[in-house]
Amino acid sequence: MPLNIRTYRDLTEPDASGLPAQIGAQRHRVAARLAQVGRVVAVMSGKGGVGKSFVTAHLARAVARGGRAVGVLDADLNGPTAAGLLDAGRASLVVEEDAVLPATGADGVRLVSMDLLLEDGRPLAFRGPAADRFVWRGALEAAALREFLADVAWGSLDLLLVDLPPGLSRFEELADLLDRPPAVLTVTIPTPESRDAVRRALRAAMERGATPLGVVENMMGDQFRGDAAEVLAREFGVPVLARVPFHPPVGVWETLAARL
Ligand SMILES: Nc1ncnc2c1ncn2[C@@H]1O[C@H](COP(=O)(O)OP(=O)(O)O)[C@@H](O)[C@H]1O
Ligand SMILES: [Mg+2]
């Protein structure tokens, strides 16, 4: 396990009292690591299973095919899927003395994901007493995101896509670590339930200063009914950037990539 994830439990007294300073130092490292990254875009929905990771991976591939350097940071630390979606083997993540080099996936997309670090099926480990598990789980995940951002040497990228898990907390942690809030690309399926979850997530992100780029409607077709994408686009004054059916033709991704 190359990541040295420190939890509060690991910190000795002087360390623990210096925690804000350590986090401040880590923010500087994050800024240095991202200095050559043109743009950070968080892919968000507020709801699981709507295709964030699917859209992120295929969009990244199309951007790469178009000649731009693109990275994917899979920030779903509990349910990482990026390596599978981008055909990256575990061995491809290179850990050097002072940096982790991203793996290279399909079409040359650079990626970092927990699934490149964890053994198959193994969850992010928690080392404390079982009773503390729920409290520490969040701290551990936030720490892992910080480590990723502080340690990964992406090199020069035109675009870094951050594939977020459902919910809002990982977005907040990401925004805390970056110099300025990331732009947000939202993915929704057509249903009212998805619309409401995305609305909440996007409002929260905008309260943190994030710029909404637009909405991707995924799983469009007969299976799901609704006009979530249009409604959200209208409410937030952003475009519907793509409508993605089940098993979309490759042209869908090329078009979406050209709009980012
Ligand atoms: N447009 C699509 N066509 C076919 N399968 C899709 C499509 N979008 C998502 N999927 C599949 O649906 C499942 C959930 O998608 P995923 O990207 O993991 O969702 P999320 O990241 O939002 O939780 C995955 O198995 C994914 O491959
Ligand atoms: Mg996902």
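The values are calculated or read from the model by the stated rules, or taken from the named source; none is laboratory data. Model, not experiment: these values are computed from the prediction. Neighbour counts are summed over all protein chains in view; Cβ atoms, including those assigned to glycine, are modelled from backbone coordinates with ideal geometry. In case anyone asks, the SASA skips ligands and DNA or RNA and just uses the protein heavy atoms, side chains included. Shrake-Rupley method; radii C 1.70, N 1.55, O 1.52, S 1.80 Å.
Shape class for the stretch 158-249, computed from the alpha carbon gyration tensor (a ≥ b ≥ c): prolate, with a/c not under 1.5 and a/b above b/c. Subtracting the Cα-Cα distance of F246 and A99 from 0.36 nm times their residue separation leaves 49.1 nm of extension gain. Between R203 and E230, full extension at 0.36 nm per residue minus the direct alpha carbon distance yields a gain of 8.1 nm.
Taking all protein chains together and a 1.4 Å probe, the residues I23, I189 rank I23, I189 from largest to smallest accessible area. Converting phi to 3J(HN,Hα) with the Karplus coefficients 6.51, -1.76 and 1.60 and the offset θ = phi - 60°, the stretch 152-165 yields 7, 8, 6, x, 8, 10, 6, 8, 10, 9, 10, 8, 8, x Hz in sequence order, with x at every glycine or proline. For the peptides 213-225, 69-81, the ranking by packing is 69-81, 213-225, with the highest mean count of neighbouring Cβ atoms within 10 Å listed first. Solvent exposure of H28, expressed as accessible area, is near 140 Å², computed with a probe of 1.4 Å over the protein chains only.
Looking at the square roots a ≥ b ≥ c of the eigenvalues of the Cα gyration tensor of the stretch 17-69, which shape do they give, rounded for a/c under 1.5, prolate if a/b is larger than b/c, or oblate? Oblate is the answer for the stretch 17-69, as a/c is 1.5 or above yet b/c matches or exceeds a/b.
Relative contact order, whole percent, for the stretch 169-214 stands at 50, derived from Cα pairs under 8 Å and 6 or more residues apart.
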